[in-house]
Each structure stands twice: as C-alpha cells, then as structure tokens.
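For reference, the structure is listed below as structure tokens.
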Amino acid sequence: MNEGQLLYLSRTDVERVALDVRSMIALLETAFSEKGSGRVEMPPKPGIHTQPDAFLHAMPAYIPALHAAGIKWVGGYPANQGRGLPYISGLLILNDDQTGLPLAVMDCTWITAWRTGAATALSARYLARPDADTASILACGVQGRTNLQALAALFPLTRAYAYDVDRSRQDRFAADMSARLGIEVTGVDDPRTAVIAADLVVTSGPILKHPEPAIEAGWLQPGAFGSAVDFDSYWQPAALAQMDRITTDDHAQFHYYRTQGYFAQTPDPAADLGELVTGAKPGRQHPEERTLAINLGLALEDMAVAPEIYRRAVERGIGTWLEL
Ligand SMILES: NC(=O)c1ccc[n+]([C@@H]2O[C@H](COP(=O)([O-])OP(=O)(O)OC[C@H]3O[C@@H](n4cnc5c(N)ncnc54)[C@H](O)[C@@H]3O)[C@@H](O)[C@H]2O)c1
C-alpha cells in the first residue's frame, strides 16, 4: 500500500492479473465457510432501477478471515447488448479493514463474470455427481463462458453443448470454448436438446420479472445438476417442482427477491451455500437426484476475490496509483 494513495485497476488491468479459477473457487469456499459459521457481515443490497429489468446495486461485505472489506456498485442492463455495451458493468472499492481507508478502486466486470462461474462450480462440488462429464450452456454470453470454464476446472468434462438465441454468438462460443478447453463443444438448435444431453446444465440468459421459461419438467435428467444464473427465467414451475434438491447462496436474499416478484413458483431452497460448505445441510444424497443451484450473487463473493486481485496487482506493478 502507498501512503495517501489508492490503486486504480481498469478492466484491462484486472484482466491482466488473470487470477486463476481454482484460486477463486478456493477463496469462495473459505468465504462461504465463514458465512455458514456466522462470521461475515453482509447487509442486503439496496438498488435503484432506471430502466425496466435493469438494476444498479450496492453490495457491501466484510469477511474478517480474509481481511476483505468493501463494496461493489454494479449495473445490469439487458438492453445494452443491442448498444454494443456490456450487460454487467461497475466498480468495486476495496477498503483496509483496520483503518477503513480505500486501498483500491477496480472495474468489477471481470470479477462479476468469474466469481459467478466459481460459485456455480462450488455449488456443483456439493450437488453434482463427481463423474459428471457433459455440460450444456444455455445463453452463450459472458456468464456462459465463465461458468463452463469453472465447471471444467472441477469436473472431467469430455464434451459440452451450447445454445443461444443469437446463432452467431452460439457459433463463436462453441469455437472459442472448444479451443480453450480442448473438448468438443457443439452448438444445438433448441434448449431441449441441450438440457436432456447434459450432466451439468447452466442457464445464463436475461433475468426477467415476467419470463416465458423454456425448460419443461422431464428435460433435466435424473442425476443431473442445474445452475440457474438467471434466476427462474429459464425453468418452468413444473421443472422446478421436480427437483429433488434446490439450493441458493443466501436464504434471506432469496426471500427478498420473492417479495420483489421473482421465484413466485419456486420451492424454498433446502440449503444455502454456506450450509453446504460447512456441512450443516447435506448436498447430493443419491446419484439419481435432480439438483439445482439458484445463486443470486453475493457481495461476499466479490469481496472474497478482490483482495487477492489487489495483492497480485501490487506485486506485479499493475494499475495506476491515484491521490486520495
Ligand atoms: N446470479 C448471479 O450471481 C449473476 C451474476 C452476474 C450475471 N448474472 C446474470 O447472468 C445473465 C447473463 O449475463 P451475461 O453477462 O452473460 O450477459 P451477456 O449479455 O454477455 O449474455 C447474454 C446472452 O444471452 C443470450 N440470450 C438472450 N435470451 C436468450 C434465451 N432465451 N436463450 C438463450 N440465450 C439467450 C444473448 O444472445 C447473449 O448471448 C444475466 O441475466 C445477468 O443478470 C447473474
């Protein structure tokens, strides 16, 4: 730390640090273990809403065990795709937990993309069959990419399927991910083909308050695991009712979103990720269970990862020091 200064990390700077996904999953596991033991301070996220289906959220968290304190100010604007702008954007402020002084301001696009994928993988560690070797990604955007790569870090994937309403995005995703992961990633024509073929299914399309979900009961196979990154926008009520085990990342936040009109027909989650990691509640109990993680995204996930990005950036001389 430089006295009287903070480190500004642009999006490119954060990307250059390139924290690896296994380290992120390990950091999230620590953070959720702390949460499950009641040692995290994380008030509910307040937000403002300047456009339909869009949000700007303030996400503060403190994880004493990681000396991680700060806040993310993040926007999600579904219409940005048509403007050539990112769906998710924003800034994160990291504070010194002893003095409260700001240590860093960093772009939060990369961190949001990757910590969400890492949360899917961490959930899958407790909810998926360890021998799961096929993944399907429905919606091939930023989240589709990070979620597939995070799953590939923990599971012996041999092939993946991809579906997107935008064919060119689907094609690009299949080519990029095949090259990056060294497995066959195949584009498919419809959501059903993707869901029935996979042990691990991630849905990562737009979050809509009044969705028309595509995934029907019976599509997710017995023994398969789903991760709904896009809340209940992709899963029909009958498909949700058929799950043997639904989890979330935080019960309170899940119930808050219910009051906001989401999850009207989603059964109550049996466990949250802190309870899974600490063993307070069980994960998968049987190879034939259908399981689903509905992780809503928590400030503690960002704050678990941000100090490590800061540390590595300082070490490698990445970023710009600014006067406080
Ligand atoms: N739960 C969390 O923690 C969390 C965190 C970050 C983002 N998200 C959510 O993840 C979603 C994706 O974010 P992103 O950054 O990847 O966005 P993105 O714009 O990069 O990608 C979205 C993709 O969805 C595709 N798409 C739209 N409707 C579709 C449909 N019905 N079926 C298949 N594909 C469809 C688009 O063509 C695009 O490729 C958003 O809803 C975002 O709010 C959730």
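The values are calculated or read from the model by the stated rules, or taken from the named source; none is laboratory data. These numbers come from a predicted model, not from an experiment. Neighbour counts are summed over all protein chains in view; Cβ atoms, including those assigned to glycine, are modelled from backbone coordinates with ideal geometry. These area figures cover heavy atoms from the full protein model, side chains too; ligands, DNA and RNA do not enter into them. Shrake-Rupley method; radii C 1.70, N 1.55, O 1.52, S 1.80 Å.
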**OP:** Output yes when any residue across the stretch 117-130 is closer than 21 Å to Val314 by Cα and either in a strand (DSSP E or B) or near the ligand (Cβ under 10 Å from one of its atoms) (or both), and no when none is.
**Re:** no
**OP:** Please list, ordered by first then second residue, the pairs with beta carbon atoms under 6 Å, 6 or more apart or interchain, first in the stretch 305-324 and touching a residue at least 12 places away in the same chain (Cβ under 8 Å), second assigned to a loop (DSSP other than H, G, I, E, B) and loosely packed, with under 13 Cβ neighbours inside 10 Å.
**Re:** Trp321/Asn2; Leu324/Gly4
Original post:
What about Val195, is it buried (at least 22 other Cβ atoms within 10 Å of the Cβ), modelled with pLDDT of 95 or more and out of contact with any strand residue (DSSP E or B) (no Cβ under 8 Å at 6 or more places or on another chain)?
Top reply: no
Original post:
Do we find that Gln260 is more than 25 Å from Phe155 (Cβ to Cβ), buried (at least 18 other Cβ atoms within 10 Å of the Cβ) and either away from the ligand (no atom under 12 Å from the Cβ) or at pLDDT 95 or above (or both) in this structure?
Top reply: no
Original post:
Residue check, Cys140 against (1) open to solvent by less than 10 Å² (accessible area, probe 1.4 Å); (2) more than 9 Å from the ligand (Cβ to nearest atom); (3) of a type outside the set (Ser, Thr, Tyr); (4) assigned to a loop (DSSP other than H, G, I, E, B), all met but one. Which one?
Top reply: (2)
Original post:
Which of the residues belonging to the stretch 226-247 are within 14 Å of the ligand (Cβ to nearest atom) and assigned to a loop (DSSP other than H, G, I, E, B)?
Top reply: Val229, Asp230, Phe231, Asp232, Ser233, Tyr234, Gln236
Original post:
Taking only pairs six or more apart or across chains, which ones have beta-carbon atoms under 6 Å, a first residue in the stretch 134-148 that is at pLDDT 95 or above, and a second residue that is open to solvent by 10 Å² or more (accessible area, probe 1.4 Å) and of a type in the set (D, E, K, R)?
Top reply: Thr134/Arg159; Thr134/Asp199; Ala139/Asp164; Cys140/Asp164; Cys140/Arg169
Original post:
Out of (1) open to solvent by 30 Å² or more (accessible area, probe 1.4 Å); (2) over 21 Å from the mean Cα position of the chain (by Cα), the odd one out for Tyr234 is which?
Top reply: (2)
Original post:
Across the stretch 276-306, what is the number of residues that are closer than 20 Å to Asn95 by Cα and not in a helix (DSSP H, G or I)?
Top reply: 1
Original post:
In the stretch 156-172, what residues are part of a loop (DSSP other than H, G, I, E, B), more than 9 Å from the ligand (Cβ to nearest atom) and touching a helix residue (DSSP H, G or I) at 6+ places or on another chain (Cβ under 7 Å)?
Top reply: Leu157
Original post:
Hey, does the stretch 304-317 have a residue that's of a type in the set (Asp, Glu) and under 20 Å from Thr203 (Cβ atoms)?
Top reply: no
